[in-house]
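Q: Here it is: the structure, laid out below.
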2 protein chains.
Amino acid sequence: MAVSSVNNGVNVQALLDAREALKGAPEAAKFNWRASCKWQNGTHSTTSIQGFHGLGQEQSHKTETSFSADHPEIFASEDQGVTPVEFMLVGLASCLTAGVAAVAQNRGIQLRSVESQVEGSMDIRGILGIDSDVRNGYDDIKITFNIDADASKKDIEALVAQSQKRSAVYDCITNPTNVTVVVA
Amino acid sequence: MAVSSVNNGVNVQALLDAREALKGAPEAAKFNWRASCKWQNGTHSTTSIQGFHGLGQEQSHKTETSFSADHPEIFASEDQGVTPVEFMLVGLASCLTAGVAAVAQNRGIQLRSVESQVEGSMDIRGILGIDSDVRNGYDDIKITFNIDADASKKDIEALVAQSQKRSAVYDCITNPTNVTVVVA
């Protein structure tokens, strides 16, 4: 096999080993991801991420990362960060991109570049409460990949399809997920 | 009314004016949010956001913002950013927080602090393909608000409930949204 000469920077063997290990340890597969949000002023907030839980114990990212979110100036806000809905697009694009790299590695396909444009359409009459028939969220999201790789168009399409099939964010956006909102 | 002395930094009058204006201009209410993602190496990618479309024309954030996403070291990755699924938590918390501030302003409630902890549970046997009955995405998300404001517990709970009712990200996570994935 030519697989060994391919290097997309993904340690697929470690993932395959993890799969084998977790088959017999379902408790270790239970992860808990977290974020802490603090209102600043107006529609501006900052959200910090560092710790999470998985493999049966507390884990931590190497560093804490904070993200500013705000509404843009055309909504009479100060635009001190991207909008909350744009963070969903970041999650979707990055999830599918990581998947493409991992699947390509597993299939022995050398990637040279993977770029994508994601866009979500939204009718803001929903969030403004103008029309109760208009939903608050995106009515449609489209992501377009441009991939340069040592593979046929058909194989590249199969890569993307497999990434989509295993994507956590794609699943969360396309299928309903329960969200509980509590006031302490 | 005591409303005029309340200042949460949200220009509610501008939002109410926008609501009136968009009632008669549904085309202007159609927004398009965008992000561009570029694979770096392994599971690491960077996603940039600046332009969007709304109010009938091209718009732009004041600056371009880029976000690194990656998988953590326990997944044999380099942890050069938060995970794609954590970006969803950023979006959810910031969306509900902006809504709390806006609704509080509209209801004449002075906020002193709004903090929230959001956590999402996920069984990674889904994304690893161990068990096809396990979904890839979050099986449950919970967000807990701690709000200090000039209002009763009941009024604060009503604030959060109204924010939830008008939240774009809450809607996208709790209800299915169509996502089209294209290879150019």
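Q: Of all residues in the stretch B:1-36 being in contact with a Phe, Trp or Tyr (Cβ under 9 Å, 6 or more places away or on another chain) and in a strand (DSSP E or B), which is farthest from A:D140 (Cα to Cα)?
A: Residue satisfying both the conditions and the ranking: B:A35.
Q: Moving to a separate point now. Considering the stretch B:37-65 alone, what residues qualify as being outside any loop (DSSP other than H, G, I, E, B), hydroxyl-bearing (S, T, Y) and over 18 Å from A:T144 (Cα atoms)? Steps first, please.
A: Quick first cut of the stretch B:37-65, residues outside any loop (DSSP other than H, G, I, E, B) only: B:37-41, B:44-54, B:57-65.
Applying the additional criterion that residues be hydroxyl-bearing (S, T, Y) yields B:45-48, B:60, B:63, B:65.
Within the stretch B:37-65, B:S60, B:T63, B:T65 meet the criteria.
Q: Among (1) hydrophobic (A, V, I, L, M, F, W, C); (2) at the interface with chain B (Cβ under 7 Å from one of its Cβ atoms); (3) free of Cβ contacts under 8 Å to residues at least 24 places away in the same chain, which single condition is A:M88 missing?
A: Every listed condition holds for A:M88 apart from (3).
Q: Find all pairs meeting these conditions: Cβ atoms under 7 angstrom apart; at least six residues apart or on different chains; first residue within the stretch B:131-155 and more than 12 Å from B:S116 (Cα to Cα); second residue assigned to a helix (DSSP H, G or I) and small (G, A, S).
A: Matching pairs, first to second residue: B:N136/A:A168; B:G137/A:A168; B:A149/B:A104.
Let's see how each residue does on (1) at the interface with chain B (Cβ under 8 Å from one of its Cβ atoms); (2) surrounded by fewer than 23 Cβ atoms within 10 Å (Cβ to Cβ); (3) among the hydroxyl-bearing types (S, T, Y):
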{"position": "A:Q50", "(1), (2), (3)": "no, yes, no"}
{"position": "A:S66", "(1), (2), (3)": "no, yes, yes"}
{"position": "A:R107", "(1), (2), (3)": "no, yes, no"}
{"position": "A:Q110", "(1), (2), (3)": "no, yes, no"}
{"position": "A:S113", "(1), (2), (3)": "yes, yes, yes"}
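Residues are listed down the side, and each one gets a yes or a no for (1) touching a strand residue (DSSP E or B) at 6+ places or on another chain (Cβ under 7 Å); (2) under 22 Å from A:S113 (Cβ atoms):
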{"site": "B:A29", "(1), (2)": "yes, no"}
{"site": "B:W33", "(1), (2)": "yes, no"}
{"site": "B:S45", "(1), (2)": "yes, yes"}
{"site": "B:Q57", "(1), (2)": "no, no"}
{"site": "B:S60", "(1), (2)": "yes, no"}
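Q: Here is a check on your reading of the model: is A:E20 more than 7 Å from chain B (Cβ to nearest Cβ) and surrounded by fewer than 16 Cβ atoms within 10 Å (Cβ to Cβ)?
A: Criteria met by A:E20.
Q: Picking from B:A102, B:A93, which residue would you name as being in contact with a Lys or Arg (Cβ under 9 Å, 6 or more places away or on another chain) and in contact (Cβ under 8 Å) with a residue 40 or more places away in the chain?
A: After ruling out the rest, the residue left standing is B:A102.
Q: OK, next. Pick from the stretch A:68-80 the residues that are at the interface with chain B (Cβ under 7 Å from one of its Cβ atoms) and either modelled with pLDDT of 95 or more or in contact with a Lys or Arg (Cβ under 8 Å, 6 or more places away or on another chain) (or both): which of them is nearest to A:A149 (Cα to Cα)?
A: By that ranking, first place goes to A:A69.
The values are calculated or read from the model by the stated rules, or taken from the named source; none is laboratory data. Just so it is clear, the structure is predicted and the values come from calculations on it, not from any experiment. Please note: Cβ atoms are built from the backbone with ideal geometry, for glycine as well, and neighbour counts cover all protein chains shown.
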